[in-house]
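Chemist: Take this structure first; my questions come after.
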Amino acid sequence: MNSALCATVTGGTLCGNSAIEGGGISNPIAGTLTVTGKSTLSANSARSLGGAIYNDSMATVTNSTLSCTSAGRAGGGIANDMDGTLTVANSTLSDNSAYAWAAASWTKAQRRSAAAP
């Protein structure tokens, strides 16, 4: 799912998807994303950033589960790019993986102080 302007996932399941960025959901610049209501993003993958969610704008994840997702570079669960604002509350991020940085959640600013394997 590419949330070009505004997208809300309420109580939904996104499973088994893949993309270059945002295996489950890609939220580009100028987008607003809300994931809530016991939504589940699982078994999604990204070749680069954000196995479940790639965010470069405004994203809120509440009362949801992001699990068993993977990213080739960073943010196995969520990749929050430099222009992104991310809020996660009352949610579970589990069993996510990333090759280089941050299995659960990654923000681009973190890359400046972390060394890749």
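Bear in mind these aren't lab numbers, they're just calculated from the coordinates by the rules spelled out. The structure displayed is predicted, hence computed values, not measured ones. Backbone-built Cβ (ideal geometry, glycine too); neighbour counts: all protein chains shown.
Chemist: Identify, by number, the condition in (1) within 19 Å of A103 (Cβ to Cβ); (2) surrounded by fewer than 24 Cβ atoms within 10 Å (Cβ to Cβ) that A30 doesn't meet.
Modeler: (1)
Chemist: Oh, and also: Taking the criterion of being on the phi < 0 side of the Ramachandran plot and in contact with a helix residue (DSSP H, G or I) (Cβ under 6 Å, 6 or more places away or on another chain), would at least one residue in the stretch 72-82 satisfy it?
Modeler: Here is the first cut: in the stretch 72-82, the residues on the phi < 0 side of the Ramachandran plot are 72-74, 76-82.
With the extra rule that they be in contact with a helix residue (DSSP H, G or I) (Cβ under 6 Å, 6 or more places away or on another chain), the set shrinks to 81-82.
Yes: one or more hits.
Chemist: Kindly provide the set of residues from the stretch 88-106 that are in contact with a Leu (Cβ under 7 Å, 6 or more places away or on another chain), buried (at least 21 other Cβ atoms within 10 Å of the Cβ) and not in a loop (DSSP other than H, G, I, E, B), ordered by number.
Modeler: Once the filter is applied, which keeps residues that are in contact with a Leu (Cβ under 7 Å, 6 or more places away or on another chain), buried (at least 21 other Cβ atoms within 10 Å of the Cβ) and not in a loop (DSSP other than H, G, I, E, B), the stretch 88-106 yields only S105.
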